[in-house]
1. Helix-only mean residue ellipticity at 222 nm, the chain, DSSP H runs n ≥ 4 weighted -39,500 (n - 2.57), per residue, nearest 500. What is it?
2. Give me 172, 44, 73 ranked fewest to most by other Cβ atoms within 10 Å of their Cβ, as a rough exposure proxy.
3. For residue 122 and residue 138, calculate 0.36 nm times their separation in residues minus their Cα-Cα distance, and state this gained length in nm to one decimal.
4. On full extension of the chain, what length is gained from residue 43 through residue 180, given 0.36 nm per residue of separation minus the C-alpha to C-alpha distance?
5. Checking the a/c ratio against 1.5 first, then a/b against b/c, what shape does the Cα gyration tensor give for region 58-197?
6. Counting only C-alpha contacts under 8 Å and six or more residues apart, can you give the relative contact order of the chain as a whole percent?
7. Helix 82-99 versus the longest principal axis of the chain: what angle, 0 to 90°, nearest 10, using Cα atoms?
8. Under a 10 Å cutoff between Cα atoms, tell me which one of 97, 185, 165 has the largest fluctuation in the Gaussian network model of the chain.
């Protein structure tokens, strides 16, 4: 059987439509019919690629989270050590994730969608994030700005830390206390990362 080829712009149009539907009504109330209508494609086109809404939303989350992580990482600067770029990118990434409207909607309305990626298995976006972190760590090992350790262990440990700050930070903040605000915790995260990565 010949695989169906999908035009990149068609895929983006469908994912854009899915994002709009989820932001409007949440995942559970979104249907493939809603998405196909909003994207201007037939339901059969969607069903060939995505058998259900959860599969579609999984691809949407992967696209959104990878784009967000890539944009949060500062561009390489020959004058700055890799560690500074990595720490800055991870802290900025946590802040950007927590501000992202899709993350907010899913966390508030459909949090069970996130549980498998916290408790059971890694998703495509987590693997992509590990790739970004591993690449930066290798550069940091090479320029001497990052403590040398087993690359995969170090990268996965960093992802566990930033993932917990992303998903659980609101359980720890107290906006009435200036020492326990989002910003204060992000500075503490910066300190934790700097100290664990400094040779």
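None of the figures in this text is laboratory data; all of them are computed from the coordinates on show. Since this is a predicted model, take the numbers as computed values, not measurements. As a convention, Cβ positions derive from the backbone with ideal geometry for all residues, glycine included, and neighbour counts pool all protein chains shown.
1. -22500 deg cm²/dmol, from helical runs alone.
2. Ordered by Cβ neighbours within 10 Å, fewest first: 44, 172, 73.
3. Taking residue 122 through residue 138 to full extension adds about 3.6 nm, to one decimal.
4. In short, 44.5 nm is gained.
5. oblate
6. 20 percent
7. Helix 82-99 sits at roughly 40 degrees to that axis.
8. Comparing 97, 185, 165 in the GNM, the peak value goes to 185.
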